Structure formats: C-alpha cells, structure tokens
1. If you go through region 69-85 one residue at a time, do you hit one that is more than 28 Å from GLY126 (Cα to Cα) and part of a helix (DSSP H, G or I)?
2. Scan region 107-153 for residues that are farther than 30 Å from PRO84 by Cα, of a type in the set (S, T, N, Q) and open to solvent by less than 60 Å² (accessible area, probe 1.4 Å) and report the count.
3. Sort out which residues of region 137-152 are within 22 Å of HIS65 (Cα to Cα) and at pLDDT 95 or above, and write them in order of number.
4. Of all residues in region 103-128, how many are without any contact (Cβ under 8 Å) to a residue 40 or more places away in the chain and assigned to a loop (DSSP other than H, G, I, E, B)?
5. With LEU62, LEU73, LEU100 as the choices, which residue is within 21 Å of ALA189 (Cβ to Cβ), within 14 Å of the chain's Cα centre (by Cα) and either in contact (Cβ under 8 Å) with a residue 40 or more places away in the chain or open to solvent by 60 Å² or more (accessible area, probe 1.4 Å) (or both)?
6. Just give me the residues in region 15-44 being β-branched (Val, Ile, Thr) and out of contact with any helix residue (DSSP H, G or I) (no Cβ under 7 Å at 6 or more places or on another chain), in sequence order.
7. Residues in region 36-68 that are over 20 Å from ARG169 (Cβ atoms), out of contact with any Leu (no Cβ under 7 Å at 6 or more places or on another chain) and either outside any helix (DSSP H, G or I) or among the charged types (D, E, K, R) (or both): how many?
8. If GLU178 satisfies all but one of (1) modelled with pLDDT of 85 or more; (2) open to solvent by 70 Å² or more (accessible area, probe 1.4 Å); (3) over 16 Å from LEU23 (Cβ atoms), what's the number of the condition it fails?
Amino acid sequence: MTAVGLRERKKEKTRLAILDAALDLFVEQGYESTTIEQIAGVVDISPRTFFRYFTGKDHLALWFHDHGEAILLETFASRPADEPPFASLMHGMRAVLQDLLDSTPEDTARFLKLRRLLDDNPQLVGRSVARGAETERRLADAVAARRGVAADEDLLSHLIVAFATSTMRVGFECPRAEVSMLAIARRMAATMELAERSLRPGWDVEAG
C-alpha cells in the first residue's frame with residue numbers, strides 16, 4: 001500500500017472517530033450542551049485538528065448530506081446523456097438507497113443516531129433543509145447543463161430536481177416509531193416508485 005493510501009486511511013479513521021465521539025456526546029448530554037473542545041478531547045486531538053475535518057457541530061450533524069450529494073452527482077454524471085434527467089436522478093436516488101442497505105453495522109448505527117438527533121433537535125431540521133437546498137442547486141446545474149440551458153434561467157430544471165429529491169425527504173422522514181434502517185429503506189423505495197408512477201400519462205393520483 002502506498003504512503004498516500006495509508007495517509008488517506010488514517011484520515012478516514014480520524015474522521016469517523018470524531019463523528020462517533022460527537023454522536024455519543026450528543027446522545028448523552030444533548031446537542032447544544034456539547035462543545036467542540038469536548039469532542040476533540042474524547043478523540044485526543046486539538047480543536048484546530050478538529051477543524052481540518054469538520055467546519056463545526058452542524059457539519060457533524062448533517063454530514064450525511066455530503067455523502068448523499070456525492071453519490072447523486074456521480075451517478076447522474078455516469079448516466080447516458082440522452083436519458084431523461086428525472087430518470088437519471090431516480091437512478092441516483094436508488095444508488096443512495098443501495099448505499100444505505102450496504103452499510104456496515106457501524107455505518108447503520110451512525111445513520112440512526114443522526115436520524116434521532118434530528119427528531120430531538122428541531123432547530124437542526126431547518127439547517128438540514130438549507131443544506132439540502134444546496135444539493136438541489138448543484139443538481140439543477142447538472143440537469144440544466146444536460147438540457148443545454150442556463151440553470152438560473154430555467155424553472156423546469158429546478159422543478160425536475162425538486163420533484164425527484166422530495167422522494168428522498170418523504171422516505172427519510174419515517175414516523176418516529178418506525179426509525180430503523182429497514183423502515184427507512186422501505187419507505188424510500190415506496191416513495192420512489194410512487195413518484196415514477198405519478199409521471200405516467202393518465203395515472204390518477206387519487207386512485208393510485
């Protein structure tokens with residue numbers, strides 16, 4: 001293994017250690033009561049080193065947006081240029097879903113802790129929505145580029161993205177009693193199928 005590979009593995013190990021320490025502290029003593037200094041102390045790093053990995057507590061709480069956005073953009077870019085943008089976006093959604101299903105037990109535990117963190121801290125929901133809007137803007141740029149139009153002048157590109165990403169939001173927001181990876185995955189799959197069926201000519205949304 002190359003020196004670069006070893007450095008990247010060490011960085012990833014440190015990043016996950018910071019995330020795990022933060023999540024445990026958020027659960028034990030509350031999000032607002034937890035400080036960056038406390039998180040850094042658990043991992044035995046300095047606050048300065050912390051900021052090499054995360055921009056702050058909100059970044060920790062919303063890190064799944066970064067991961068999901070990367071999958072969506074990479075999948076969209078890999079799809080055929082003549083494929084309808086909505087279809088390409090749905091392939092991206094399914095790639096995100098598959099990534100969830102392929103998660104290690106450790107990844108699953110992190111994801112569910114983050115899901116509960118949003119339930120327990122309503123103020124984070126607004127920040128999550130704002131972060132999601134950033135992803136939608138980047139996806140709209142990609143859709144507009146494929147369609148050969150300017151994203152800031154084309155409402156349709158933004159509408160395509162908004163409709164596609166709403167399936168992920170609905171699937172993610174499982175009722176509190178059903179917070180499990182399987183429940184979230186099932187709900188996401190069901191909302192994606194519903195979204196695709198709703199675009200078929202003649203389909204009656206009331207009748208299903």
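The values are calculated or read from the model by the stated rules, or taken from the named source; none is laboratory data. Predicted, not measured: the structure shown is a model, and the values here were computed from it. All Cβ positions, even for glycine, are placed from backbone atoms using ideal geometry, and neighbour counts span all protein chains on display. All accessible areas refer to the heavy atoms of the entire protein, side chains included, with ligands and DNA or RNA removed. Shrake-Rupley method; radii C 1.70, N 1.55, O 1.52, S 1.80 Å.
1. Step one: filter region 69-85 for residues more than 28 Å from GLY126 (Cα to Cα), giving 77-84.
Going one step further and asking which of them are part of a helix (DSSP H, G or I), we end up with 77-78.
Looking through region 69-85, at least one residue is more than 28 Å from GLY126 (Cα to Cα) and part of a helix (DSSP H, G or I).
2. 2
3. Residues of region 137-152 that are within 22 Å of HIS65 (Cα to Cα), as a first pass: 137-144, 151.
If the condition is that a residue be within 22 Å of HIS65 (Cα to Cα) and at pLDDT 95 or above, then ARG137, ARG138, LEU139, ALA140, ASP141, ALA142, VAL143, ALA144 are the ones that fit.
4. Here the count works out to 1.
5. Details: LEU62 fails: within 21 Å of ALA189 (Cβ to Cβ); LEU73 fails: within 21 Å of ALA189 (Cβ to Cβ).
So the residue among LEU62, LEU73, LEU100 that is within 21 Å of ALA189 (Cβ to Cβ), within 14 Å of the chain's Cα centre (by Cα) and either in contact (Cβ under 8 Å) with a residue 40 or more places away in the chain or open to solvent by 60 Å² or more (accessible area, probe 1.4 Å) (or both) is LEU100.
6. Applying the first criterion (β-branched (Val, Ile, Thr)) to region 15-44 yields 18, 27, 34-36, 39, 42-43.
The answer is THR35, and nothing else.
7. 11
8. (1) is the only condition that GLU178 fails.
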